[in-house]
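In what follows, a structure is listed as structure tokens, so that the remarks can point back to it.
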Amino acid sequence: MEIKRQNRNSLPHRGDSVSWNGCVHLSGIMPANGDADMTQQTQAVLAEVDLCLAAAGTSKSALISATVWLSNLEHDFTDFNAAWSAWVDKSNLPARSCVGATLNGKGRIEIAVIAACP
């Protein structure tokens, strides 16, 4: 099987996604505006997830799993979860983990997903 790598942002240290064996693995995505509130940061990250999945030929309806890191789990989880719930395909819910973590930069959220590719 061929491994397909995408690096839309020409990152020197990692790619945006890797597709292999019928799945696409997205690198962790953080918001561009770390000063925005948690709802806005979550919405921005999920919009980028949509773009990356589309570039790989799939969509959120094919999500298998999501890993979410929040810099302040206790404070931000409710706002994150509301934005996630408004976005996710409720007919095709993925497995999801959400943990507290120290994040790089000003962003308060990072999300990585794995999705099936048609």
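What follows is calculated from the coordinates using simple rules that are stated; it is not laboratory data. Worth saying up front: this structure is predicted, and the values here are computed from it rather than measured. We place every Cβ from the backbone using ideal geometry, glycine too, and count neighbours over all the protein chains shown.
Some observations on this one:
- In this label model, residue 101 and residue 59 are separated by 2.8 nm, measuring between points 7 Å along each Cα→Cβ vector.
- Computed [θ] at 222 nm, deg cm²/dmol, the chain (DSSP H ≥ 4; -39,500 (n - 2.57); rounded to nearest 500): -9500 deg cm²/dmol
- Percentage relative contact order, the stretch 1-60, counting C-alpha pairs under 8 Å, at least six apart: 24
- Equivalent ellipsoid dimensions for the chain as semi-axes, Å, which come from the Cα gyration tensor, largest first: 23, 17, 11
- Length gained on full extension, residue 23 to residue 9: 3.0 nm, using 0.36 nm per residue less the C-alpha separation.
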